[in-house]
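Below is one structure, written out as structure tokens; comments come after it.
Nothing in this text is a laboratory measurement; each read-out follows from the coordinates by a stated rule. Treat the numbers as computed from the prediction; the structure is a model and nothing was measured. Virtual Cβ from ideal backbone geometry, glycine too; neighbours counted across all protein chains shown.
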Amino acid sequence: MNPNTQKKVIAGNTVYTIGAGLLMNGVLQIIVYPLLNRHMGSEPLGNLLFIMGLTAIITPSIGQALNTSRLVVRRTEPVSNGDYNAMLLVYGSIGAVIALLIAAAMGQGTLGGIFGAAATFALILLMVFRYYGDVEFRLNLNYRNYFIYYAILTAGYLIGFGLYFVTGIWYLIFVTGEAMAIFYLVLRGTIFKNFLKTSNAFRVAVTRGTFLIFSYVITNLTLNIDRLVLKMLIDDLAVTQYYVVSLIGKTMVLLVAPINTIIISYLTKRKENLDRKQYMMFVGGGLLVSLVFFLGAEIATPLFLMLFYGNLYESVRGLITIVNASQILGLLSAYIFIVVLTFTEEKWQMILQTIHLIIISLLVFFMTRGGDLHGFSIAVLMANTIRVITVITFGLFRVGKRQTE
């Protein structure tokens, strides 16, 4: 493929991935959650967001970690579908049980009793497989079908939202969407064929995949720490307040995640590692895009809040700049981490993420005591600033080390 053709393909893939993210998140943030806020009220919505926060920690930590691991491991090992499907079932079930135990320990009701537990368990397993399902399109670089995959997911959310108004069961919103997306993948994809047939590389896949799962758990725990800590240290209303003021920034983070998948899909096909100059070009590009996103978030967030969450705007307007900066710095560090991951071992991501979790936990605990939502926001901003500096420095060190090896 000549350079001009490759550039056109990459540009097209980028459009498809951003379009998929815009479609899904646009429906969730402009239709589903605002209407749930009006229908349920802000405090009950905080309860729902807590449950979805648990799924946002567990499901991408397993699904995204294993699809990224498969891309990286395929460079050296002949892994099979069954290697990863077996891990999805085991780790997904463990994650669902952990979520139920955490919810029970915090006195969080789902729908009550066996039905609520079963619905939570099913939702988590479906989301684990759906996040992993992205690898179907990353392996063959078919991002047109990736867009179709997320269009079906989004359509399922809308159908499920209609079912919610009929039944009052909010789980149906998400279960319907996830199930429809997976059904499409079963019909059109290949990654679920020979479902549990493992290869001789199974042990390697488990070892490297497990490392990445733990690092992703730490990453997603820090990204969703607001829903856990604010519920514990303040109340359900604080969960909703921080969530809505961070929505624009978080949506941008979610939009960049698919772009990260394109980057790692292409970089893992390279035989040679990045040099320091190439690495700094990636960093510089990330800094520039992050600045543009921050300015966009500063303009969009107040308008979004006044339009869709007018009842909460006055209580959160003072947090807008702090929270947007936190989200964009988190976006930047995640992007750089993806680049660094292509030329270093998975264990380093887990080590650095653990350090970040310790830092953010300490800052949040000491600065949120007494129900201070502003203090919590400052703590997250400080932790994310430290994280960006650490990741950039680590990447420079590893590039230099690889050049001398």
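Per-structure values
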item	result
Interchain or long-range residues, amide H under 5 Å from SER80's placed H	SER199
Max mean-square fluctuation residue, GNM over the chain, Cα-Cα springs under 10 Å, options LEU153, LEU341, LEU125	LEU341
Two-decimal Rg/Rh across the chain, once Rg and the Kirkwood Rh are taken from alpha-carbon atoms	0.94
Relative contact order for the range 1-223, counting Cα pairs under 8 Å that sit 6 or more residues apart, in percent	33 percent
Euclidean distance of C-alpha centroids, the range 125-189 and the range 274-309, integer Å	28 Å
Choice from GLY63, GLY21, GLY284 showing the highest fluctuation, given a GNM over the chain with Cα pairs closer than 10 Å	GLY284
Contact order normalised by residue count of the chain, Cα under 8 Å, 6+ apart, percent	21 percent
Sum of side-chain charges, ILE234 neighbourhood, beta-carbon under 14 Å (Lys, Arg +1; Asp, Glu -1)	-2
At least 27 Å along the helix axis (C-alpha) and Kyte average at least 1.0, DSSP helices within the chain	81-105, 113-133, 202-223, 247-267, 276-308, 320-341, 346-368
Of LYS8/LYS277; LYS8/LYS347; LYS197/LYS347, those spanning more than 29 Å from alpha-carbon to alpha-carbon	LYS8/LYS347
Unit charges on C-beta of K, R, D, E only; dipole of the range 22-166, Debye	260 debye
The chain: most fluctuating residue of GLU314, GLU77, GLU178 per GNM, C-alpha cutoff 10 Å	GLU314
Listed residue (LEU36, GLY82, ILE62) projecting farthest to the positive dipole end of the range 1-223, Cβ model	GLY82
Only Lys, Arg (+1) and Asp, Glu (-1) charged, at Cβ; the chain dipole about Cα centre in debye	1320 debye
Cα Rg, Dmax, the range 1-223, angstrom units	18.2, 60
ALA122 paired with LEU101, simple spin-label distance in nm, labels 7 Å along Cα-to-beta-carbon	2.4 nm
